[in-house]
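S.K.: Okay, handing you the structure first.
Computed from the coordinates by the stated procedures, all read-outs in this text should not be read as laboratory data. Just so it is clear, the structure is predicted and the values come from calculations on it, not from any experiment. Methodologically, a virtual Cβ is constructed for each residue, glycine included, from the backbone with ideal geometry; neighbour enumeration extends over all protein chains shown.
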Amino acid sequence: MSGSNASSSAKDVVFQIVVSIVGLVLFGVLIAKLVNSGTHVDLGATTMSNEAVAARLKPVGVVKVVDGGPPGSRSGKAVFEAVCISCHGTGLAGSPKFGDAGAWAPRIAKGFETLWGHAIKGFNAMPAKGGSPDLTDDEVKRAVAYMGNAGGGKFTEPPVQGGAAGGAIDPATKGKEVWEGTCQACHATGAAGAPKIGNKADWAPRLKDGADAAIAIGMKGLNAMPPKGGYTGSDAEFKAAALYMIGQSK
Ligand code: HEC
Ligand code: HEC
């Protein structure tokens, strides 16, 4: 859809800005080093401090969109790849570089709690939540565990609520898959009088008693809606598909 195209081209632009800034900074540092080694003039005052570099990068971090699931459910890897990588991928601004056991050992020695405390609140040139305030605390903790473990740590990522615990099935992933496999045959177009996905007017009257009530009706079947829409998998998977559809239609 056009919305997602726009956001992905916005991400392209953000990416290009990040690349240009990183390029400029590296270039500046290089020149300063060259001049320094030749003339013994201290150019320390003109090279950017780590704090200045981080401050420049910060607004870029803030507009970043984190992919990989609804807020709160993103894995450490997804958060790292969307946010933390912009500094920790290369060791920018003095950050401990991803996968560099030597850089991470003294950090890991501080203990998991201190590390995620610093990552959430900020620490010197490390901006709070890496500059992405939309991250939940657990998502930051997962990213810390993911990075720490890649650097030789043995941290446990806080589980995703309901997911890893074995209970609920994630509507955004499994629910979407079931919806595409079964429900879209009718609900994508409104065939046979089905309430169309994304059509608030179709859904509002059905949701007046809450999503659970509508899902219970769909489970039993109603007129041209066969029980579970003809889906042969588990009730929990049907529910996830319905939640996915309802989530798109409110
Ligand atoms: C704008 C650059 C930047 C981004 C983005 C960034 N960091 Fe950092 N991070 C740093 C810097 C610089 C340090 C080193 C700070 C110091 O030791 O003075 C650091 C240090 C850390 C530390 C070690 C803290 C300690 O107590 O030693 C952790 C943990 C950390 N970052 C986690 C994260 C996580 C998780 C993310 C993504 C959500 C992230 N960082 C994103 C720059 C960044
Ligand atoms: C063969 C076509 C068809 C398929 C496939 C189908 N549905 Fe439906 N669905 C309908 C129709 C038609 C209605 C409206 C029934 C009515 O109100 O008469 C409906 C209604 C619903 C409702 C609203 C019930 C209410 O409270 O009014 C839910 C929830 C629902 N479907 C979920 C699903 C899910 C989830 C799937 C896939 C697993 C699915 N449907 C697959 C045709 C279908």
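S.K.: Along each of its three principal axes, how wide is the spread of alpha-carbon positions in the stretch 58-162, in whole angstrom units, largest first?
M.R.: Principal axes ranked by extent give 34, 32, 20 Å for the Cα atoms.
S.K.: Take LEU135, LEU207 and order them by how many other Cβ atoms sit within 10 Å, fewest up front.
M.R.: Numbers: LEU135 26, LEU207 17.
So the residues, fewest neighbours to most, are LEU207, LEU135.
S.K.: Something else now. Sorting VAL160, VAL144 on the 10 Å Cβ count, fewest up front, what's the list? Present the calculation step by step, with values, prior to reporting the outcome.
M.R.: Working: VAL160 18, VAL144 27.
So the ranking, lowest neighbour count to highest, is VAL160, VAL144.
S.K.: Another question, if that's okay. Count of lysine pairs in the stretch 195-250 with Cα atoms under 13 Å apart, counting only pairs 8 or more residues apart in sequence or on different chains?
M.R.: Values: LYS196/LYS250; LYS200/LYS208; LYS200/LYS250; LYS208/LYS250; LYS220/LYS228; LYS220/LYS239; LYS228/LYS239.
Close lysine pairs under the 13 Å cut-off: 7.
S.K.: Could you estimate the translational diffusion coefficient of the stretch 109-250 from the Stokes-Einstein equation, with Rh from the Kirkwood formula over C-alpha pairs, at 4 °C and 1.567 mPa s, in whole µm²/s?
M.R.: 73 µm²/s
S.K.: Quick query: amide H of GLY151 versus all other amide H atoms, modeled in the peptide plane; which residues come in under 5 Å with a sequence gap of 5 or more or a different chain?
M.R.: GLY99
S.K.: Here is a follow-up. Set the Förster radius R0 to 45 Å, insert the Cβ-Cβ distance between GLU113 and GLN248 as r into 1/(1 + (r/R0)^6), and round the FRET efficiency to 0.05. Intermediate values should be presented prior to the final figure.
M.R.: On the way: r = 38 Å, r/R0 = 0.85.
That gives a FRET efficiency of 0.70.
S.K.: Which number comes out as Rg/Rh for the stretch 171-247 once both Rg and the Kirkwood Rh are worked out on C-alpha atoms? Provide the component values of the computation, followed by the final result.
M.R.: On the way: Rg = 11.0 Å, Rh = 12.1 Å.
Here Rg/Rh amounts to 0.91.
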